[in-house]
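Working notes, beginning with the structure itself.
The values are calculated or read from the model by the stated rules, or taken from the named source; none is laboratory data. From a predicted model like this one, the values you see are computed outputs, not experimental measurements. Glycine gets a Cβ as well: all are built from the backbone with ideal geometry, and neighbour counts include every protein chain shown.
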Amino acid sequence: MDLTSVPKSIDDALRVQRKYVIPRFQREYAWENEELQTIYEDLIENIYIRDGTFFTSDYFIGSLVLVGDDDDTSKIERLVVDGQQRLMTFTIAFAVLAQKFKELGQERLSEKTHLNVMGEDNDGNPYAKLVNENPKPFFQKRIQQKDIDFNAIPETNEEKRILNAYNFFDRQLKETILIKNIRDNNSGAGDINYLDALKAFRDQILKCKVIYVTVKSLDDAYTIFEVLNSKGKDLAPVDMIKNSLFSILTEDEPLDYAVEKWKEIKRNLKNCVDLDINIFYRHFWLSKYSLSTTRKLVYNFNKTIPRTIEGYTEFINSLEKEAKQYALIAAPKKEDWTQPEDLFVYTCLESFCIFNVSQVRIFLLALFEVKNSQLISFRNFKKILVYLEHYHFIFTAVCSSRPSGLERRYSSYARQLRNCTSKKESADCINNLMTDLKEGIPDYSIFEKQFEKIVYTSAKEKDKKLVKYILKKLDTHYSSNELVPNSFTIEHILPESVATEYVGMIGNLLPLGEQLNNDLSNKNFKSKMTRYPESQYTTVKKFVEENKDKEEWGEKEIVERTKCIAEIMYHSIIEG
């Protein structure tokens, strides 16, 4: 490996004519407030004042690993293999500093500082010191150009982190905050001039030291990239796998195939709330290839997927296809399931979100794959989907059982299902899964005890979605109608104003339209019973029929009804 290594300052690195290019295999800008605060505090701590004069210190911040031939002065591009996060952060900080100088009327200082962001070649033509295509054009418009476009709106998570970094430095470099922070670190310092403080902060960034490493070969760069991140501290497994894919899929004309595919994968997952690509990737791998811990995902990828253009192309195509399906599963939208026969699919997927269960997606990816390949009958497709909903209602939502071995089961059956070549084989597979899962369903006594703990009041809203799910399922059970309206409000038969422990229990709750609920408000039981028949919900009509002779409604009645509903939810619905 042809490698050179020398110590340099950030000033040394930026002063020469260099374009530092973030290569396609690098991860996104990932720094958030914790990392930003750390680097800011480190910079401040290295600024000191003696006799009213600012001084800065040598501060080592790590390595800067680049691809390029330093002997070839005709090429100014260098690929950044390690050090991307720090270069991006310093570029953002310089953009803020240039803006601060400009606001103080220091145009010359602003221009000089901006040269750390945008340089000039020998002909006076401007060029970006740091080239990053992923957040383009937001990064260029909002950070790099001299006249910042403050109206540029971030669209991706990376762009939001970039804007957050700009706003962080904009806050920390305000006059009162910057001077206070410097004074706190320099006891006894007298008056501090704001302009001098800004220049000192700029100079401290420029004085930061790096080990400046260059290699001539891109292959060597990939090797260094993997070695530097081999312990998984800096990069998640998906970043490492992306690196491997991009190292083989290098064709970039007329389009960079791998980059476009990766962008499409991220777009597909964009609308999944609190879902990052690492969660999807592991579920995808477990569903299609093998059971694997997060730590071994890279090892298993390298062992399983042929390191060829054909093998990697097939893999990234599969990844893109299943990312699209995963988004439909993990973040279901009613408009994505427009066919009448698909309504139950949406309600089942929505239920998994309510239950906050994610392991089931491993099997669901395989289930939708065989459905799309017409290797499962619609009857069996519906049977297993509804069964999984009911299973997780008991196991996860109500009993909060520990999912020991559940991920392994879903992975095993998902891979079995994908290998089915006929509808008979897929039917056998799902029947075996149902039998396997049934053995782990908690006993009714456990279910009932936990069911009684589910409460909803205006002061205890944690279970609100689950309560609405139960009331809707109960109405479906009584009416045999899958199209129960979902826009109802939750009525407390015994009013919340009574403020008892049992007022929020399921047995004291009914589904009601908003207007009727408002009309009844804190009325007594007898008054409510005269109005409940106006409700469109079968549950309410049945409640009136069963309790029309009662004079009052209290703890005994609420507990009894809660147990009755628990039995219906466990037996009649689950087994029926």
Among (1) of a type in the set (Val, Ile, Thr); (2) under 30 Å from residue 376 (Cα atoms); (3) not in a loop (DSSP other than H, G, I, E, B), residue 490 falls short only on (2)
Subset of region 509-536 [in contact (Cβ under 8 Å) with a residue 40 or more places away in the chain and in contact with a strand residue (DSSP E or B) (Cβ under 6 Å, 6 or more places away or on another chain)]: 509
Report yes if some residue within region 236-248 is within 30 Å of residue 356 (Cα to Cα), β-branched (Val, Ile, Thr) and either at pLDDT below 90 or touching a Ser or Thr at 6+ places or on another chain (Cβ under 7 Å) (or both); otherwise report no. yes
How do the helices (runs of 4 or more DSSP H) wholly within region 272-368 filter down when requiring 2 or more residues that are small (Gly, Ala, Ser) and touching a Cys at 6+ places or on another chain (Cβ under 9 Å): which remain? 309-330
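Could you check, for region 97-104, whether at least one of its residues is assigned by TED's automatic domain parsing to the domain that holds residue 204, out of contact with any Pro (no Cβ under 6 Å at 6 or more places or on another chain), surrounded by fewer than 16 Cβ atoms within 10 Å (Cβ to Cβ) and modelled with pLDDT of 95 or more?
In the first step, residues of region 97-104 are kept if they are assigned by TED's automatic domain parsing to the domain that holds residue 204; the result is 97-104.
Right, trim to out of contact with any Pro (no Cβ under 6 Å at 6 or more places or on another chain) and you get 97-104.
With surrounded by fewer than 16 Cβ atoms within 10 Å (Cβ to Cβ) added as a condition, the list becomes 103-104.
Okay, now just the ones that are also modelled with pLDDT of 95 or more, so 103-104.
Yes, because at least one residue in region 97-104 is assigned by TED's automatic domain parsing to the domain that holds residue 204, out of contact with any Pro (no Cβ under 6 Å at 6 or more places or on another chain), surrounded by fewer than 16 Cβ atoms within 10 Å (Cβ to Cβ) and modelled with pLDDT of 95 or more.
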For region 372-388, does any single residue satisfy the condition of being modelled with pLDDT of 90 or more, buried (at least 19 other Cβ atoms within 10 Å of the Cβ) and closer than 25 Å to residue 449 by Cα? yes
Residues that are of a type in the set (Val, Ile, Thr) and on the phi < 0 side of the Ramachandran plot: which strands (runs of 3 or more DSSP E) entirely in region 42-104 hold 2 or more of them? 59-67, 77-82
Taking only pairs six or more apart or across chains, which ones have beta-carbon atoms under 6 Å, a first residue in region 280-295 that is assigned by TED's automatic domain parsing to the domain that holds residue 269 and under 13 Å from residue 358 (Cα atoms), and a second residue that is of a type in the set (Asp, Glu) and assigned to a helix (DSSP H, G or I)? 284/322
Taking the stated definitions as given, is residue 561 closer than 29 Å to residue 396 by Cβ, in the same structural domain as residue 473 (by TED's automatic domain parsing), touching a helix residue (DSSP H, G or I) at 6+ places or on another chain (Cβ under 8 Å) and in a helix (DSSP H, G or I)? yes
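Among the hydrophobic types (A, V, I, L, M, F, W, C), crowded, with 18+ Cβ neighbours inside 10 Å, modelled with pLDDT of 95 or more and more than 26 Å from residue 343 (Cα to Cα) - does that describe any residue in region 455-463? Lay out the reasoning, then the answer.
Step one: of region 455-463, the residues among the hydrophobic types (A, V, I, L, M, F, W, C) are 455, 459.
Add one more test, that the residue is crowded, with 18+ Cβ neighbours inside 10 Å, and what stays is 455.
Then drop every residue that is not modelled with pLDDT of 95 or more, which leaves 455.
Retained after the next criterion (residues that are more than 26 Å from residue 343 (Cα to Cα)): 455.
Within region 455-463, one or more residues are among the hydrophobic types (A, V, I, L, M, F, W, C), crowded, with 18+ Cβ neighbours inside 10 Å, modelled with pLDDT of 95 or more and more than 26 Å from residue 343 (Cα to Cα).
Being free of Cβ contacts under 8 Å to residues at least 24 places away in the same chain and either in a helix (DSSP H, G or I) or touching a Cys at 6+ places or on another chain (Cβ under 7 Å) (or both) is the filter here, so list the residues in region 4-27 that pass it.
As a first pass, look at region 4-27 and keep what is free of Cβ contacts under 8 Å to residues at least 24 places away in the same chain: 15-16.
The one that is free of Cβ contacts under 8 Å to residues at least 24 places away in the same chain and either in a helix (DSSP H, G or I) or touching a Cys at 6+ places or on another chain (Cβ under 7 Å) (or both): 15.
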Where the second residue is in a loop (DSSP other than H, G, I, E, B) and modelled with pLDDT under 95 and the first is closer than 12 Å to residue 500 by Cβ and charged (D, E, K, R) and lies in region 551-565, which pairs have Cβ atoms under 8 Å and are six or more apart or on separate chains? 555/500; 555/502
Members of region 19-31 found to be closer than 18 Å to residue 127 by Cα and surrounded by 19 or more Cβ atoms within 10 Å (Cβ to Cβ), listed by number: 20, 21, 22, 23
Of the residues 257, 281, which is at pLDDT 80 or above, buried (at least 20 other Cβ atoms within 10 Å of the Cβ) and of a type outside the set (Lys, Arg)? 281
Looking at 487, 535, which one is of a type in the set (S, T, N, Q), in the same structural domain as residue 465 (by TED's automatic domain parsing), exposed (fewer than 12 other Cβ atoms within 10 Å of the Cβ) and closer than 16 Å to residue 472 by Cα? 487
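For residue 119, are the conditions met, namely being touching a strand residue (DSSP E or B) at 6+ places or on another chain (Cβ under 7 Å) and in the same structural domain as residue 78 (by TED's automatic domain parsing)? Walk me through how you get there before you give the answer.
Values: touching a strand residue (DSSP E or B) at 6+ places or on another chain (Cβ under 7 Å): yes; in the same structural domain as residue 78 (by TED's automatic domain parsing): yes.
Yes; evaluated as a whole, the condition is true for this residue.
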